[in-house]
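Step one of this worksheet: look at the structure below.
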Amino acid sequence: QVHVVESGGGLVQPGGSLRLACEASGSIFRINDMGWYRQAPGKQRDLVAAVTSAGSTNYADSVKGRFTISRDNARNTVYLQMNSLESEDTAVYYCKANIREFSLAYALDYWGVGTQVTVSS
């Protein structure tokens, strides 16, 4: 079994910063891409940022220059550093990891349950 667990959400004022973390655990053979998505009330879930196992990154236009994704392969963890937060960043943030378990010959996408980020004064 594999588990993906997010942490680090909360309430922050506009212009503030938060750091999210997402750790994968369990019977992991290899982790491929890892990424962060977000879903605001009444809206679809959208990609925020993603990072490959080699470290290549991809960002949504709305967060470029403000958010930074990174990963620690030794800890099976991906981070999202969020700076200059705006009210429009308020959403539930979900982590997704593409993981191959030891018992399988292929990789699957695993999602965390999400962590709330609220940007408000």
Which whole-number percentage describes the relative contact order of the chain, with Cα contacts under 8 Å and a sequence gap of 6 or more? 36 percent
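Place a +1 charge on the Cβ of each Lys and Arg in the chain and a -1 charge on the Cβ of each Asp and Glu, then give the dipole magnitude about the Cα centre in debye, rounded to the nearest 20.
It works out to roughly 120 debye.
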Could you give the accessible area per residue of the chain, probe 1.4 Å, as a whole number in Å²? 54 Å²
Give me the Å³ per residue figure for the convex hull around the C-alpha atoms of the stretch 1-44. 120 Å³
Computed from the beta carbon distance with a Förster radius of 30 Å, FRET efficiency for N32 and N83 to the nearest 0.05 stands at 0.65
Solvent accessible area, Å² - L104, 1.4 Å probe, full protein context: 40 Å²
Listed residues S120, G8, A97: farthest to the positive end of the dipole of the chain (Cβ charges): A97
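The values are calculated or read from the model by the stated rules, or taken from the named source; none is laboratory data. In this text, all values refer to a predicted model and were calculated from it rather than measured experimentally. Virtual Cβ from ideal backbone geometry, glycine too; neighbours counted across all protein chains shown. Surface areas here come from the heavy atoms of the whole protein model, side chains and all, with no ligands, DNA or RNA. Shrake-Rupley method; radii C 1.70, N 1.55, O 1.52, S 1.80 Å.
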